[in-house]
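**Q** Supplied in structure tokens, the structure appears directly below.
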Amino acid sequence: MKGIWPILALTIVAVISGAVLSWIWDKTNPIITRMDREKEEIARRMLVVPEDIDLSMIPSGVYSWPNLGVKDRNGFESFKGKEGVQEYLLIWIDDLKKVHVKYNVPKDKAKFIEKAVEAINKSMKITPQICGDWDVYQLFKKAISSTVNFKKVLVLADGTKIEASKDGFIGKDGQKYVVKGDKVFCNGKEVKGKVYYIAYLGGKRVAAVFKVEPVGYSSKLPTLVAATFDGTVLGIKILSQSETPGLGARCVEIKEGEHEPWFQKQFSGLKVDEIYLTEKDEKPGKIHQITASTITSRAVTKGVREGVQEFLKMFGKEG
Amino acid sequence: MRIPYNLEERFKVSSSPHVRKSWTVRSVMLDVLIALIPAVLASWYFFGIRAMLVELVCVLAAVLSEAIVQYLFFEKVTVDDLSAVVTGLLLAMCLPPSLPLWIAAVGSIVAIIIGKQVFGGLGNNPFNPAHVGRAVLLASWPVYMTTWMVPTKPGTSQWLGTDIVTSATPLGMLKESGYNWAVVAKKVSLWDLWIGNVGGSLGETSAIAILIGGLYLLWRGVITWHIPVTYLGTVFLLSLIFEGPAKHIADAVVYPPLFHLAAGGLMIGAWFMATDMVTTPLSKGGRIAFGIGAGVLVFLIRKFGGYPEGVCYSILIMNAFTPLLDRIFKPKTFGEVTQG
Amino acid sequence: MGRTFAYGGIHPEYNKHLSRDKKIEVFDLVDEYYVPMQQHIGKPARCLVKKGDKVEVGQKIGEADGFISANIHAPVTGTVVDVVRWPTPVGFEVETVVIERDKAYKGEMQLRDRNWRTLAVKELLEIVKEAGIVGLGGATFPTHVKLAPQDHVDVLLLNGAECEPYLTCDHRIMVERAEDIVTGAQIMAKILGVERIIIGVEDNKPDAIDALRHASLKIPSIKVVELETAYPQGAEKQLIYACTGRVVPKGALPSKAGVVVNNVGTALAVFEAVVFGKPLIERVVTVTGKVGMPANLLIRIGTPFEKVLKVAEIATETPKIISGGPMMGIAQSTLSVPVVKGTSGILVLDEGEAANWEEWNDCLNCAACIDACPMNLLPSVFSRGVELGKIEDLRKLDVMSCIECGCCSYVCPAGRPIVQFIRVAKAILRRG
Amino acid sequence: MRFFRIIWDGITKENQVFKAALGLCPTLAVSTSVENAIGMGVAATLVLIGSNFVVSLIRNWVPKQVRIPIFIVVIATFVTAVDLTMHAYFPALHEKLGIFVPLIVVNCIILGRAEAFASKNNPFYSIADGIGIGIGFMLGLMLLATFREVLGAGTFLGKSLGIKEPALIMILPPGAFLTIGFLMAFFNWAGGDK
């Protein structure tokens, strides 16, 4: 009895702890996983929608923020009572391209939304100026961008493109490719490959989003790049960084009165041979470096440039 | 019998020796200051009013902060030994001329308080105070600390400090060109580099002026040859071996080593910082190891590191190794030989 | 450049010009002589006289007591007026015989003329012992003990380096009595049974080197070696290395390296004892520094400093009186102390020029002391260790090997009394 | 009353950061901003209260041989619970604190209090100790973070203070060491410690 009691005590404590934890896990895990998934998804969608949204380009339908998977026209009810949703904006564009909204946002934003809808219906465009408030504009933009459909395309090093089906990536010879993190495996062996998300808007493919991962001064800089098929960068987003505060970390700095990181914003609209630093680079380009942080600036610039070049090599002819 | 101890004829006694070499901390520091004169003059010539201001502010801040700290902590105020002046001036020598003066003052205060007084004052600091000050400034205000003024001629508006044109340092150019010697060789001539006509810190740029001061110190016996020679020699050899043959410029073999020697803070580091008595090894063997270690570190940081320049860090790192080197290179007592 | 020792060393201001060219003069007799019973390293001599006794010049008044001890002789003819405890230049009080000079005694001495070559080694050794000869360089180790070493010895080394600043007494006797020194050396060589005699002289005394070379021209076993002028060239271990290239093992006596070192003054005393039968009752003393008349004086043992300095005239308001040289000499608090066998000089320094050890800074780690240390020790570490009270740790760092030459204190820019700290450490460690 | 006495002691006399120099790893790492400091402090306090309470409850029937594993399991449970909750409901803060929330498990303060206090006192006082030590830890963090954020970023709780050129080094690791060194020196001096 004396020898067993310590083991028993430990077991009891462990079991109780396990029970408590599994209850908490059940409560929190769905929220956490959804947030993680959303984070990258949002970034991806935000990248491919142009700055000023032209309503005439957008097919009619229901667009919501957050993306709740609402597809049908009477989808108002489907998200009622969903947990974890604090803010949403549901946009409804009817066949006459008229915009209707339903929302749950903080009060100071709400008045902007009403005004914005009026203005949008007049001009058929969504711009920050029309919305009158950056956050409201973002809500619209994100909601609209949720209409962009993404199709995953795995591009192997030899140029073979494999589109994702519901069973995953199946090659011509029936082999299955598995993507884990940034690595692609086939029959348990690692093969070189890269996943591109081709964005379709209204059935037409408009752009692709892919991840590049340059190494900065003190950290990896996983960055999403959106580019059109003719090689114009639509935008980039640095997903995470831990560069030196005040130096390299300024690659995600947002200047006062602005809404986007100034450094990343510079890339929007550039052609591939313009993606060089203005000075101190192989040839003069259009990216102003972060003061005193040449390494971070050059790493991001070079990473994006090479990513786009590779993308063009893969898809250029078809574009 | 007479009592031998007649109070009137008592003399002052002390233990031997009864004579002392006529040098003191003060005279050592004075020698260092004298040795810095050429470098200071060079900085005045190339950087003008800004140089004078930065040097003045650094020295004043160092002296004042030392006096105030010692007064506040009831220590003997020892600013008259000139060590604070030397620290302030050496710090100024490692700062860019265009640095805002208040940052220079903060650097001096940090150098004196955190670099020196916190450890118990002169003689007890493990790290070179001036370089501690510089390292803190570099970490705190990297943008200011890496903005370099273009050298100029006396009398121009830039010399008077009214408008300031900035450029990269030679080492910065080298780093940014991705160690492409051909690019750098076109921009920087060795003559400009050695004479000091390039962008850089106040006292770091003119290698020749510092060399003169260093030789003066050597002649005065304030420093020994061990650290400067091994330090510079290591950098020279490494750059000769690893940089020399590979690059396609005309004077490929000579250019990189001479460039490395004169560029950045290597000269002032080797002659004035790494030879700082307090923070370097005691024995000759230890000093040689110190010099080689610092030389290797400089080369590694310059070539592979994140910063274009590595002298400051190489010396601070080797300062940390000093107690270990002292232990390893303990001198062998005369007669400590196993006979037969 | 002559030969020199392996590590360190310093080049202080020598100031030998003050008395270098002054011929040895005989100092006048005084009325009272204070003859301490301990003028040597070892046990004090046993006093043979009492108050009221009449003594003859050269009469043995103190008998060697034990193995390491030496005889003491009366310096003049006269009466013992008292036996008291009296201070000596070494710093402590010892039993001292006070002799009042017979007014009729004018300094005459009965001298013999013996042929030393006919005497046996044992007899020679006995003469040296009887004459009460001790090392005259300052260490005052009884010479008869030194001349009977335990180890096999093949070299006799005469120390004529006189590396102490100011002092010139050895210099003068080498110049004036080179022949006698050479003979004395030969006597000692005979006692030791060695073939090689080396005389080491610093190269700032070219006349002494010439004189010795001339005197030893016909004696092939004697070699005069010119040494570089550096302090402490005359320290035993350093001198042996400089002259023979041999290294005395740590903690051992020089005889372990097959060498016996004697001062040139000792050689002269041996010569006088053996050939003239004269015991050690007088010696050459350099009186120098801030005095009116720097001189090299032949002074009877027991003459008070007071009398000597009265003649030489102290030329400063704030004198500091040192028995010996400035590097290793002993500061005196009173002029009542007598000249003893080990007194090589009486140096008067001005208090202003003398080093002040009362205030010092923290160690700068400049390593000047380490570079200067002739034993290649770590003086700065020792001084810090003593300050921090970590004395036991210093034993491992060979603090006991320190020869207390004072080079470290001399060079320290922070004005730290390093050798003084080391003496404290050594004393504590010796006590155990 | 002893309950409040224990809380007060935990904040002052037994302040784990400045007096015992415990838990320095997260202290130095997360004190870059006051916001982080509060988040970390609250998380640690919650874990402390919970683990102290539970350890104190079970103190009489925990066998000596396995007490440390059991304490660790209890602590780990609370830490995981806090971590998950934070991740789900305060994702921004969770992302900033990063690995340091899970690392509370091995924070020596928590285990130290479980071993030194909770396993010897009743649950009531153990809660007091948890509160006191937790608040003390949080205040220490906040003090450190205040200096670092104000001097290093020129902000307080994210609000700009109008400092033009903050000294970046203060929010870098060296700044943490400097600040804690000076603060410890100050508190030892003020506390009259020799």
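The values are calculated or read from the model by the stated rules, or taken from the named source; none is laboratory data. Here the structure is a predicted model, which means the values were calculated and not measured. Glycine gets a Cβ as well: all are built from the backbone with ideal geometry, and neighbour counts include every protein chain shown. In case anyone asks, the SASA skips ligands and DNA or RNA and just uses the protein heavy atoms, side chains included. Shrake-Rupley method; radii C 1.70, N 1.55, O 1.52, S 1.80 Å.
**Q** Relative contact order for segment B:6-145: what is it in percent, counting Cα pairs under 8 Å that are at least 6 residues apart?
**A** 23
**Q** Also: Would you mind giving the total buried accessible surface between chains A and D, with a 1.4 Å probe and ligands, DNA and RNA left out, rounded to the nearest 100 Å²?
**A** Numbers: alone 18250 and 9980 Å², together 26460 Å².
Rounded to the nearest hundred, the buried surface is 1800 Å².
**Q** Longest exposed-loop-site-free stretch of chain C, with GluC sites (Glu not before Pro), DSSP loop and at most 10 other Cβ within 10 Å?
**A** Result, exposed sites excluded: C:109-316.
**Q** Would you work out if segment C:17-91 is rounded, prolate or oblate? Take a ≥ b ≥ c from the square roots of the eigenvalues of the alpha-carbon gyration tensor; rounded if a/c is under 1.5, else prolate when a/b is larger than b/c, oblate otherwise.
**A** Oblate, since a/c reaches 1.5 and b/c is not below a/b.
**Q** Also, quick follow-up: Which of the lysines could be linked to C:K307 by a straight reach, that is with a Cα gap under 22 Å, when you skip same-chain ones fewer than 8 residues away?
**A** Reachable lysines: B:K12, C:K22, C:K23, C:K103, C:K106, C:K290, C:K320, C:K341.
**Q** How far is helix B:207-220 tilted, in degrees, relative to the longest principal axis of the Cα atoms in chain B, given as a value from 0 to 90 rounded to the nearest 10?
**A** Helix B:207-220 sits roughly 20 degrees off the main axis of chain B.
**Q** Would you mind working out the accessible area per residue for segment B:288-340, using a 1.4 Å probe, and quoting it in Å²?
**A** Working: 2530 Å² over 53 residues.
Spelled out: the 1.4 Å probe surface of segment B:288-340, per residue, equals 48 Å².
**Q** How many percent of the accessible area of the protein assembly as shown is carbon or sulfur, using a 1.4 Å probe?
**A** Of the solvent-accessible surface of the protein assembly as shown, carbon and sulfur hold 60 percent.
**Q** Largest first and to the nearest Å, give the Cα extent of segment A:149-202 along each principal axis.
**A** Extents along the principal axes, in whole Å: 37, 20, 20.
**Q** Go ahead and set up a Gaussian network model of chain A, Cα springs under 10 Å, then flag whichever of A:V195, A:V209, A:V308 fluctuates most.
**A** A:V195
**Q** A further question follows. Give me log10 I(q)/I(0) at q = 0.06 Å⁻¹ for the protein assembly as shown, Debye formula, one equal scatterer per alpha-carbon, no solvent.
**A** -0.75
**Q** Hey, another quick one. Classify segment B:99-162 from the C-alpha gyration tensor, please: rounded if a/c falls under 1.5, else prolate or oblate depending on whether a/b exceeds b/c.
**A** It comes out prolate by the Cα gyration axes.
**Q** So what is the relative contact order for chain C, in percent, with contacts set as C-alpha pairs under 8 Å and at least six apart?
**A** Relative contact order, chain C: 20 percent.
**Q** Sticking with this one: On the principal axes of its Cα set, how long, how wide and how thick is chain C? Give whole Å, largest value first.
**A** Sorted largest first, the three principal extents are 62, 50, 44 Å.
**Q** Taking square-rooted eigenvalues a ≥ b ≥ c of the alpha carbon gyration tensor, is segment C:368-431 rounded, prolate or oblate, where a/c under 1.5 means rounded and, failing that, a/b exceeding b/c means prolate?
**A** Prolate shape, in that a/c is at least 1.5 and a/b is the bigger ratio.
**Q** State the number of lysine pairs found in segment D:42-194 whose Cα atoms come within less than 30 Å, restricting to pairs 8 or more positions apart or on distinct chains.
**A** Taking segment D:42-194 as the scope, the lysine pair count is 4.
**Q** Would you please give the FRET efficiency between C:R431 and C:E353, computed as 1/(1 + (r/R0)^6) with r the Cβ-Cβ distance and R0 = 45 Å, to the nearest 0.05?
**A** Calculated transfer efficiency: 0.80.
**Q** Additional query: Can you work out the FRET efficiency for the pair A:K161 and A:H100, with r the C-beta to C-beta distance and R0 = 51 Å, to the nearest 0.05?
**A** 0.80
**Q** Now, a different point. For chain A, with equal point scatterers placed on the C-alpha atoms only and solvent neglected, what are the log10 I(q)/I(0) values from the Debye formula at q = 0.08, 0.10, 0.14 1/Å, to two decimals?
**A** The calculated log intensity ratios at q = 0.08, 0.10, 0.14 Å⁻¹ are -0.47, -0.71, -1.21.
**Q** Heavy-atom accessible area per residue, segment C:368-431, 1.4 Å probe: how many Å²? Walk me through the intermediate numbers first.
**A** Values: 2200 Å² over 64 residues.
The answer is 34 Å² per residue.
**Q** Any idea what the dipole of chain B comes to, in debye rounded to 20, about its Cα centre with Lys/Arg Cβ at +1 and Asp/Glu Cβ at -1?
**A** 580
**Q** If the cut-off is a Cα-Cα distance under 21 Å, which lysines reach A:K122, setting aside same-chain residues fewer than 8 apart in sequence?
**A** A:K97, A:K98, A:K102, A:K109, A:K111, A:K141, A:K142
**Q** While we're looking at this one, here's another question. In segment A:127-177, what trypsin sites (Lys or Arg not before Pro) fall in a loop by DSSP, with at most 10 other Cβ atoms inside 10 Å? Intermediate values should be presented prior to the final figure.
**A** Working: sites: A:K141, A:K142, A:K151, A:K152, A:K161, A:K166, A:K172, A:K176; in loops: A:K166, A:K172.
Passing sites in segment A:127-177 are A:K166, A:K172.
**Q** GNM on chain B, C-alpha springs below 10 Å: top fluctuator among B:F127, B:F73, B:F290?
**A** B:F73
**Q** Related question: Choose one answer from B:S206, B:S167, B:S314: the residue with the largest mean-square fluctuation in a GNM of chain B with alpha-carbon springs under 10 Å.
**A** Of the options given, B:S167 has the highest mean-square fluctuation.
**Q** Diagonalise the Cα gyration tensor of chain B and give the resulting equivalent ellipsoid semi-axes, square root of 5 times each eigenvalue, largest first, whole Å.
**A** 39, 27, 17
**Q** Would you please calculate the Kirkwood hydrodynamic radius of segment B:170-328 over all C-alpha pairs and express it in Å, rounded to one decimal?
**A** 15.7
**Q** Summing -39500 (n - 2.57) over the DSSP H runs of n ≥ 4 in chain D and dividing by its residue number, what mean residue ellipticity at 222 nm do you reach, to the nearest 500 deg cm²/dmol?
**A** Only helices count here, giving -21500 deg cm²/dmol.
**Q** Shifting gears a bit: Check every DSSP H run in chain D and write down those whose alpha carbon atoms cover 20 angstrom or more along the long axis and whose mean Kyte-Doolittle hydropathy is -1.0 or greater.
**A** What comes out of the filter, once short or polar helices are dropped, is D:34-58, D:67-89, D:123-153, D:173-190.
**Q** Then there's this: Would you mind getting me the FRET efficiency between C:K310 and B:R327? Use the beta-carbon distance for r and R0 = 56 Å, nearest 0.05.
**A** Calculated transfer efficiency: 0.50.
**Q** Is it possible to state the helix-based mean residue ellipticity at 222 nm for chain B, with each DSSP H run of 4+ residues giving -39500 (n - 2.57), the sum divided by total residues, to the nearest 500 deg cm²/dmol? What is it?
**A** Numbers: 13 runs with 186 residues, N = 340.
So the helix-based figure for chain B works out to -17500 deg cm²/dmol.
**Q** Here is a follow-up. Points 7 angstrom from Cα along the Cβ direction at C:A148 and A:Q175: gap in nanometres?
**A** Each label point is offset 7 Å from its Cα along the Cβ direction, giving 10.2 nm.
**Q** For the residue pair A:M124 and D:N188, what label-to-label distance in nm results when each label sits 7 Å from Cα along the Cα-to-beta-carbon direction?
**A** A separation of 7.6 nm, rounded to one decimal place.
**Q** Name the lysines eligible as straight-distance cross-link partners of C:K50: C-alpha to C-alpha under 17 Å, and not fewer than 8 places from it in the same chain.
**A** C:K60
**Q** Okay, next question. Are there any residues in segment B:156-194 with a reduction of at least 40 Å² in accessible surface when going from the isolated chain to the assembly of protein chains? Probe 1.4 Å, please list them by number.
**A** Going by heavy-atom accessible area, the residues of segment B:156-194 that drop by at least 40 Å² are B:E176.
**Q** Among D:F53, D:A88, D:L22, flag the residue with its Cα farthest along the positive direction of the charge dipole of segment D:2-145, charges on Cβ as +1 for Lys/Arg and -1 for Asp/Glu.
**A** Final value for the positive-end residue is D:F53.
**Q** Where does helix B:129-140 land angle-wise versus the long Cα axis of chain B, in degrees 0 to 90, nearest 10?
**A** 40
**Q** A further question on this structure: Round to a whole angstrom and tell me the spacing of the C-alpha centers of segment B:90-121 and segment C:202-219.
**A** 61
**Q** Let me ask another. Which pairs, out of A:K183/B:K175; C:K223/C:K250; C:K122/C:K250; B:K153/B:K187; A:K211/A:K313; B:K284/C:K396, put more than 23 Å between their alpha-carbon atoms?
**A** A:K183/B:K175; C:K223/C:K250; C:K122/C:K250
**Q** Let me cross-check A:W5: its accessible surface, 1.4 Å probe, with only protein heavy atoms counted, in Å² to the nearest 10?
**A** 80
**Q** With an 8 Å Cα cut-off and a minimum separation of 6 or more residues, compute the relative contact order for segment D:2-145 in percent.
**A** That works out to 51 percent.
**Q** At what distance in nm do the modelled label points of C:K250 and D:E115 sit from each other, each positioned 7 Å from its Cα along Cα→Cβ?
**A** It is 4.3 nm.
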